[in-house]
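Working notes, structure below.
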Amino acid sequence: MSSPIVKISSSTNNKRASKMNSSPSTSLQTLMYSTFGACLLIFTFLAGHHDCQRSDDASTLRGNAVAKSLINFSIGNDNDNDNNNAAAEFIPRLRKKKGAPPKKKNNKLTNTEKWGKPIRRPDDWETWSFHDIHNGFKCGVHAKDQNKPLPDMEYWNFYRDTFKRNVGPSAAFDDPIPPTEGYTLDENGKQPYYSKISPGKGRGLFASRDIKKGEVVHDGTNSDTEISGKDYRRFLFSLPQKMACDSTEWTWTQQLKKGGPYTVRTAFNISVLMNGSNKPNTMPKDSYS
């Protein structure tokens, strides 16, 4: 992980109408309901007698059925005590037209699908070492995945908001340059690199222009955030699993002066994608920068 200042080097239940009592004063009371698949039974209650007719054509409906002045009539579950004493109209369910276009599915992934679930915080979470975190969050597979996507604005906003909510409510992420592009390096604007996925090697940073030898390309004092060990652990356990594993790759310990304490540092922009190398083309300005 980079140091702060870097320079370049080289079943439906149908309720039957058994509870319905016909009223002598009603000349016509009709109820329609579906039984045994597509069969429609139409019960017509006339004054003094009743007649049952069956519709053999499931696609033919003999008008809308209207029940008036029914006593103790109810529809629904056995626990439904809402009796309809007023007029109730029963409109048949519309058939789905053949050839109708299918409904559009929502293909947007949820946060869990994209970043995994948070890991349950154990009782001894404050004592977890880096090794415990790496194994507990199962980061081995994630670290080897060379097809991880670049963090987009949705990612950075969630990452930053989680930090503010759980660790640093006063953190000011107010740099005018979006984290997907970096940060304000100096009076000339952002740093001279951009993020990209390299086939077979994963995420990294690439020069956006020619860079002179000795030119400062990264200044951690404008980018990095110091965080205590306890707060960093709390932050990790509040993140989704894959995002927490990303954070373990983007966080390091560093001395800022000779004899000074080691501090935990991280950043919230693409500068964290600066990879290490056995043959680096950028180097720290000094041992404590």
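The values are calculated or read from the model by the stated rules, or taken from the named source; none is laboratory data. Not measured: the values here are computed from a predicted model. Ideal geometry is used to build each Cβ from the backbone, glycine not excepted, and the neighbour counts take in all protein chains shown. Note: accessible area is taken over every heavy atom of the protein model, side chains too, but ligands, DNA and RNA are not part of it. Shrake-Rupley method; radii C 1.70, N 1.55, O 1.52, S 1.80 Å.
With every protein chain left in place, what is the accessible area per residue of the range 103-230 in square angstrom, probe 1.4 Å? Provide the component values of the computation, followed by the final result.
Details: 8630 Å² over 128 residues.
In whole numbers, the range 103-230 has 67 Å² accessible per residue.
Packing-wise, with mean Cβ within 10 Å as the measure, how do 213-219, 169-175 rank, highest first?
Going by the mean number of other Cβ atoms within 10 Å, highest first, we get 213-219, 169-175.
Grab the other residues whose beta carbon is less than 10 angstrom from that of G116, score K and R as +1, D and E as -1, and report the net. Walk me through the intermediate numbers first.
Working: positive: K114, K117, K138, K242; negative: E113.
So the surrounding residues net to +3.
As a test question: what accessible area, to the nearest 10 Å², does M153 have when a 1.4 Å probe is rolled over all protein chains in place?
70
A 24 angstrom limit on the alpha carbon distance is what I want to check against. Which of K144/K196; K148/K257; K201/K258; K242/K285 exceed it?
Checking Cα-Cα distances, K148/K257; K201/K258; K242/K285 exceed 24 Å.
Using a probe radius of 1.4 Å on heavy atoms only, what accessible surface per residue do you get for the range 231-287? Whole Å² is fine. It would help to have the intermediate numbers written out before the result.
Values: 2740 Å² over 57 residues.
So the range 231-287 comes to 48 Å² accessible per residue, rounded to a whole number.
Limiting things to C-alpha atoms, what are the Rg and the maximum Cα-Cα separation (Dmax) for the range 166-269, in angstroms?
That works out to 15.4, 42 Å for Rg and Dmax.
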